[in-house]
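The values are calculated or read from the model by the stated rules, or taken from the named source; none is laboratory data. Model, not experiment: these values are computed from the prediction. Here the Cβ is made from the backbone with ideal geometry for all residues, glycine too, and neighbour counts use every protein chain on show.
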Amino acid sequence: MIENFVNKIICGDAVEVLKTLPNESMDLVLTDPPYKISIEGNKIQRTYAHYNWKRRSDIGLDFGKWDRNWESNKEYFEWVALWFAECHRVMKIGAWIYVFFDKQKTGLFDLMLAPTLGFKSRCIYVWVKTNPVPSFRKVNWNSGTEHIWVGSKGNSKLKNFKDQKYMANYFLSPNASAYKETEHPTEKPKKLLQHLIEVNSNKDDIILDPFIGSGTTAVACKELGRNYIGIDLSPDYCAMAEKRLQNTIKPML
Ligand SMILES: C[S@@+](CC[C@H](N)C(=O)[O-])C[C@H]1O[C@@H](n2cnc3c(N)ncnc32)[C@H](O)[C@@H]1O
């Protein structure tokens with residue numbers, strides 16, 4: 001019964017919990033899995049920054065063990081294939097899926113996983129960071145974007161196409177330092193998630209995030225009168241998400 005899962009944060013492994021959800025029950029999947037980009041103990045040391053930058057602290061490049069849990073890319077890709085297939089199974093026909101992903105690995109979806117499962121690839125949606133971290137050593141372009149793979153289960157339209165000026169496949173938002181509400185190392189901008197939720201769902205729809213972290217997707221849903229199901233392996237992050245939700249008011253819509 002889907003009612004047992006709705007508007008809950010479920011603490012557990014995404015693949016195992018997803019297996020317990022009924023077929024074709026989700027109106028939208030919006031998620032931000034581990035990217036496997038962390039290197040243990042890695043950081044940019046602020047003292048090396050020969051640059052007039054206001055930040056006083058180092059920048060961590062190790063998000064935690066949860067982001068470096070695989071021996072190889074092959075092992076990681078096999079794991080992605082497992083939860084991605086489960087997402088496909090639980091999505092309603094016509095539902096859309098948004099997956100934040102390491103930009104160097106997004107080809108996995110278009111070239112391998114989407115065609116195998118029968119997902120239609122729709123686009124790469126880009127979060128443009130208006131205040132990217134400066135490149136202190138000046139050896140490469142500053143990393144000012146994050147990529148979201150977009151697909152649909154079938155050939156459906158976006159539910160709520162807004163005015164054309166809001167419908168380009170990018171969203172401008174500063175990086176975490178400007179909007180962070182929690183201690184989660186990879187909290188995403190709530191306004192970006194809300195824009196995607198508004199365009200892709202209606203009131204009372206059920207939105208799934210199997211890697212909920214600090215709860216941003218759930219909070220965004222609650223504020224917009226949508227239902228959510230959030231999953232995370234970490235009891236600490238589940239508690240963080242629950243606390244945020246308790247402090248979020250559901251509007252009378
Ligand atoms: C990139 S973070 C999500 C951040 C979230 N978007 C936010 O705004 O706070 C990925 C999350 O996946 C969780 N995670 C890692 N492996 C998992 C697994 N096997 N099952 C469920 N959650 C997992 C981590 O604990 C982490 O909180």
A careful count of residues in segment 10-28 that are farther than 20 Å from D67 by Cβ and within 19 Å of the chain's Cα centre (by Cα) gives 4
Sole miss for I212 among (1) β-branched (V, I, T); (2) under 18 Å from the mean Cα position of the chain (by Cα); (3) more than 12 Å from the ligand (Cβ to nearest atom) is condition (3)
Checked D58, D62 against criteria (at pLDDT below 95, over 17 Å from the mean Cα position of the chain (by Cα), among the acidic types (D, E) and within 16 Å of the ligand (Cβ to nearest atom)); the one match is D62
For segment 215-250, how many residues meet the condition of being outside any helix (DSSP H, G or I), more than 24 Å from K19 (Cα to Cα) and either in contact with a Leu (Cβ under 6 Å, 6 or more places away or on another chain) or among the acidic types (D, E) (or both)?
-> 1
Mind checking whether some residue in segment 109-116 is out of contact with any Leu (no Cβ under 7 Å at 6 or more places or on another chain), under 14 Å from N175 (Cβ atoms) and touching a residue at least 12 places away in the same chain (Cβ under 8 Å)?
-> no
So, in segment 180-199, of the ones that are closer than 21 Å to D236 by Cα and touching a strand residue (DSSP E or B) at 6+ places or on another chain (Cβ under 8 Å), which residue ends up nearest to the ligand (Cβ to nearest atom)?
-> K188
Given (1) touching a strand residue (DSSP E or B) at 6+ places or on another chain (Cβ under 9 Å); (2) exposed (fewer than 13 other Cβ atoms within 10 Å of the Cβ), F161 misses just (1)
Restricting attention to segment 228-246, does a residue exist that is of a type outside the set (S, T, N, Q) and away from the ligand (no atom under 14 Å from the Cβ)?
-> no
Exception for D110 within (1) farther than 30 Å from L61 by Cα; (2) surrounded by 13 or more Cβ atoms within 10 Å (Cβ to Cβ); (3) not β-branched (V, I, T) falls at (1)
Selected residue [touching a Lys or Arg at 6+ places or on another chain (Cβ under 9 Å) and either crowded, with 16+ Cβ neighbours inside 10 Å or not in a strand (DSSP E or B) (or both)] from I212, I124 | I124
Scanning segment 4-37 residue by residue, those more than 10 Å from the ligand (Cβ to nearest atom), touching a strand residue (DSSP E or B) at 6+ places or on another chain (Cβ under 8 Å) and not in a loop (DSSP other than H, G, I, E, B) turn out to be K8, I9, M26, D27, L28, V29
From the options L245, L208, L224, residue that is farther than 23 Å from E24 by Cα and out of contact with any Phe, Trp or Tyr (no Cβ under 6 Å at 6 or more places or on another chain) = L245
Regarding R137, is this residue away from the ligand (no atom under 15 Å from the Cβ) and in a loop (DSSP other than H, G, I, E, B)?
-> yes
